[in-house]
1. Only loop residues by DSSP count here, and only those with at most 16 other Cβ atoms within 10 Å; note down the trypsin sites (Lys or Arg not before Pro) in the stretch 211-256 that meet that.
2. Rounded to the nearest whole Å², what accessible area per residue is found for the chain with the 1.4 Å probe?
3. Per-residue HN-Hα couplings for the stretch 254-264, Karplus 6.51 cos²θ - 1.76 cosθ + 1.60 at θ = phi - 60°, whole Hz, x for Gly and Pro?
4. If the cut-off is a Cα-Cα distance under 12 Å, which aspartates and glutamates reach LYS47, setting aside same-chain residues fewer than 8 apart in sequence?
5. Take SER220 and ASP205, extend 7 Å from each Cα along the Cα→Cβ direction, and tell me the distance between the two endpoints in nm.
6. Given R₀ = 41 Å, FRET efficiency for GLU256-GLN99 by Cβ-Cβ distance, to 0.05?
7. How large is the charge dipole for the chain, taken about the Cα centre, if only the Cβ atoms of Lys, Arg (+1) and Asp, Glu (-1) carry charge, to the nearest 20 debye?
8. At a 1.4 Å probe, what is the % contribution of carbon and sulfur to the accessible area of the chain?
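The values are calculated or read from the model by the stated rules, or taken from the named source; none is laboratory data. The shown structure was predicted, so the numbers you read here are calculated from the model rather than taken from an experiment. Note that each Cβ is placed from the backbone with ideal geometry, even for glycine, and that neighbours are counted across all protein chains shown. Accessible surface is based on the protein model in full, side chains and every heavy atom, while ligands, DNA and RNA are left aside. Shrake-Rupley method; radii C 1.70, N 1.55, O 1.52, S 1.80 Å.
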Amino acid sequence: MKRTAFFISDGTGITAEVLGNSLLSQFEDVEFEEVTLPYIDTEEKVKATVDRINTAGAQDGVQPIVFDTFVNAEFRQMIAEANSFNIDIFSTFLKPLEQELETKSTYTIGKSHAINQIDRYKARIDSVNFALDNDDGARTQQYQMADIILVGVSRCGKTPTCLYMALQYGIRAANYPLTEEDMEANDLPEVLKQHRSKLYGLTIDPFQLAAIRNERRPNSRYSSLDQCDFETRTVERFFKQNGMSSINTTNFSIEEIATRIMADADIARRIV
């Protein structure tokens, strides 16, 4: 079954997209064609959007699903008249909150993604810069400043996880790739052992690792299944030898990996 899902807003559309995707992900048997339409902030744009929704419904033979976060009440009403199943996120959640808090919402466009506190914004940017500076073991001398150090073989998800934690939560995350030289030494390098409390291991299914590496270096020893199997088995042994917490990244998204690590390592989320 195929359904078209629209995420629409007079702002960035990020809230509609994130919440809408979270809800739609629970329906694995339905194929969704997702359409995000941000900054629908004029009457002309809203009318064109209604036409697009109606056209999609006519083509699919079933009404589209629409998630919207319109601040403008007039635009919300216009969208509600489309031939679609509408979920007005702001009205759904803000009205009960207004009653509970006994005050009216400001209904401000882009409020949830605005730079309201410059200190928080700078902390996030500083954390991203830290993650980039300390990618792939580049500057081990800065590890004393890290909140966490991800350790694992090449291409197991260390870099994107560090960047996600930095950008979303202001976490200073470094990562260290274990090389063949490290594995021949039969233990973690001393530069990591000095920061034992900050270490967290990432591992991955060797078949998945081989597939990922083949995209980068096809038909190489680096991407061979034997090499991937050897490396993953070796690093998992290192993790056990050193009593390190670890996660197998094979079946998780970057968002899931990051949040699981933060929960397991008890790292506070700095950015909200």
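1. Qualifying residues, ordered by number: ARG221.
2. On a per-residue basis, 56 Å².
3. Per-residue couplings from phi come out as 4, 4, 5, 4, 4, 5, 5, 4, 4, 5, 5 Hz.
4. In chain and number order, the partners are GLU74, GLU81.
5. Spacing of the two 7 Å Cα→Cβ label points: 2.4 nm.
6. Between GLU256 and GLN99 the formula returns 0.75.
7. The dipole magnitude comes to about 680 debye.
8. Accessible surface attributable to carbon and sulfur in the chain totals 49 percent.
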